[in-house]
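Here is the structure we will look at.
The values are calculated or read from the model by the stated rules, or taken from the named source; none is laboratory data. The structure displayed is predicted, hence computed values, not measured ones. Here the Cβ positions follow ideal geometry from the backbone for every residue, glycine too, while neighbour counts run over all protein chains shown. All accessible areas refer to the heavy atoms of the entire protein, side chains included, with ligands and DNA or RNA removed. Shrake-Rupley method; radii C 1.70, N 1.55, O 1.52, S 1.80 Å.
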Amino acid sequence: MAFSIDAAFIIKAIIILLIFAITLLIATYSTYAERKVAAFIQDRIGPNRAGPFGLLQPIADAVKMFFKEDFIPSHASKWLFILGPCLSMLTALMTSAVIPFGDSVKYEAAPGKVWDVAVQAIDVNIGILYVFGVVSLGVYGIMVGGWASNNKFSLLGAIRAASQNISYEISMGLAIVAILMMTGSLSIRHIVEQQHGGNWNIFYQPIGFVIFITCAFAECNRTPFDLPECETELIGGYHTEYSSMKLGFYLFAEYINMFVSSAMIASLYFGGYNYPGMDWVQAKLIAAMGEITGHNLATLVGTLVFFGKSLFFVFFYMWVRWTLPRFRYDQLMNLGWKGLIPLAIVNVILTGGAILYLKPLVVSLLK
Amino acid sequence: MQLTNRSKQVSNKEMTFAEKIYLPAIITGLGITIKHFFQKKVTISYPEVKKNLGPVFRGRHVLKRDNQGRERCTACGLCAVACPAEAISMVASERQKGEENLYREEKYAAVYEINMLRCIFCGLCEEACPKQAIYLRHDEFVPVFTERDQVIWGKDKLAENMNNRYLRTAWTREEAHEQDLKGIVAQPRTQL
């Protein structure tokens, strides 16, 4: 397509900006939600002083972060020390580009000429590979930062992060392979479209889902796999030496990663913007509002459903964090290499067998 | 010897399959935490909500007056002697003619100061006082101070306000418990 500013371009730009803003907003309020969820689970109230119900707390935290001293240790490698949090933030923000947040927006530029713009920043046909690549790059932020700090604890945290991410990426990839075998496409939009209505992948891939979500916890460095941070052993791990907004970037990147991986779980296993009865809703809306408005409203409902699913998994992350203690390092490695990888391979074989001989595995067992 | 009966025998036996895959234990744990998520919170939002600390709580001091509004203190100095933290100091003075409505007896404390940084709120001054002149209030704290000149409290802060008298509802824990059983409600007083 030749580069020109037309309606489709503007709609796309608005969608991209919206996705970017919403990702940041959700990450911001995840910090608030985390503290509230922690408090509620521990029978407390949580932050409630800044604004009504403490809703301005994230802003107060950000202001606090900005006004703290930005300290660089004298023995640290200065440029790498600065690069670390930047890389973390950059890779965290890049992943949300390929996630389909909704179906599509229709806009009638001229009579008979209707633009159909997907609610997604870019629909690349290697979406999942892209996410995997960027997520793997994300560990560089932690490694570079941890190494550049010139501190034993930071270095240990960085090493832990690296080996943990490598170990768990394998089983995560294998869990995805089973899905790819079923759908035959790497594009996340195709995968979501194939889960139309209530035909979600979770019903076909329950084992794959458990493996994927476990690995997602490990990739995001969340409890019970938060060994790179590990404040009780490593005084904060890779970000021991960081202060001010650099620390803020690391923490913020973690929350963005959490949201993005929740969105990935929602799109890969829980049907993305699909929900049971969506065709009926769309037909009703189109009948009531007309072809274009009805379609757009149906897309909006789907997007809201998608956010509902994603936010549930963000909550799930927090719920698990305040339930489980941290794994010991040998337990982590045992679980990754001796538990999840063989299980994921068995899952791939089972899926292959099911595709060949049965119909979808669980559904056929139910019938 | 066993102090509580909550101790549990642990063993190092090999984990069963259900334990090895962690999931059943994780789901049980998630159930427990979500139960707490919806439970009533135990937090008391302090400045807005104040808990009744009981009738024998030892809070800030008050220099009592009698029913006619006369100061009871005779500056005998027993409280200062009893004070283990040496927080109390006073200057005695003789009552002049025409001051009978201010001071109950011929001698009174012209200056009576308590250093609130030294005070440990033990209540020994209260027990030492033969005139029932000093009490530690059960319903008010010493508020936070941010300046040095707020630390030493003189008679201006300590003397009882006749419009808002300090009345204690019970003198011992047992008495308070008895009142609770009879259904007598201790009156909460929040005004400082």
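Before moving on, here are some points about what is shown:
- Residues considered: A:ARG35, A:ARG44. Of these, the only one that is under 17 Å from A:LEU311 (Cβ atoms) and either assigned to a loop (DSSP other than H, G, I, E, B) or within 14 Å of chain B (Cβ to nearest Cβ) (or both) is A:ARG35.
- Residue match in the range A:52-61 (condition: within 14 Å of chain B (Cβ to nearest Cβ) and in contact with a helix residue (DSSP H, G or I) (Cβ under 8 Å, 6 or more places away or on another chain)): yes
- Test: residue in the range A:74-96 that is more than 14 Å from every other protein chain (Cβ to nearest Cβ), assigned to a loop (DSSP other than H, G, I, E, B) and either open to solvent by less than 80 Å² (accessible area, probe 1.4 Å) or in contact with a helix residue (DSSP H, G or I) (Cβ under 6 Å, 6 or more places away or on another chain) (or both): yes
- Taken over the range A:41-69, the criterion of being open to solvent by 90 Å² or more (accessible area, probe 1.4 Å) and of a type in the set (Asp, Glu) is satisfied by A:GLU69 alone.
- Residues in the range B:50-63 include none that are among the β-branched types (Val, Ile, Thr), more than 11 Å from every other protein chain (Cβ to nearest Cβ) and over 21 Å from B:VAL142 (Cβ atoms).
- Members of the range B:127-143 that are in contact (Cβ under 8 Å) with a residue 60 or more places away in the chain and either outside any loop (DSSP other than H, G, I, E, B) or of a type in the set (S, T, N, Q) (or both): B:GLN132, B:ILE134, B:TYR135, B:LEU136
- Qualifying residue in the range B:79-89 (condition: assigned to a loop (DSSP other than H, G, I, E, B) and touching a residue at least 40 places away in the same chain (Cβ under 8 Å)): yes
- Scanning the range A:120-134 for residues being surrounded by 20 or more Cβ atoms within 10 Å (Cβ to Cβ) and at pLDDT 85 or above gives a total of 2.
- Residue satisfying condition, being within 14 Å of chain A (Cβ to nearest Cβ) and open to solvent by less than 40 Å² (accessible area, probe 1.4 Å), within set B:THR33, B:THR74, B:THR43: B:THR33
- In the range B:12-23, the residues that are more than 9 Å from chain A (Cβ to nearest Cβ), open to solvent by 60 Å² or more (accessible area, probe 1.4 Å) and not hydroxyl-bearing (Ser, Thr, Tyr): B:ASN12, B:LYS13, B:GLU14, B:MET15, B:PHE17, B:GLU19
- For beta carbons closer than 7 Å, sequence separation of 6+ or different chains, a first residue in the range B:1-26 that is modelled with pLDDT of 85 or more and a second that is assigned to a loop (DSSP other than H, G, I, E, B), the qualifying pairs are B:ILE26/A:LEU324.
- Helices (runs of 4 or more DSSP H) contained in the range A:155-239 and holding at least 3 residues open to solvent by 40 Å² or more (accessible area, probe 1.4 Å): A:206-219, A:231-234
- Qualifying residue in the range A:255-276 (condition: assigned to a loop (DSSP other than H, G, I, E, B) and on the phi > 0 side of the Ramachandran plot): yes
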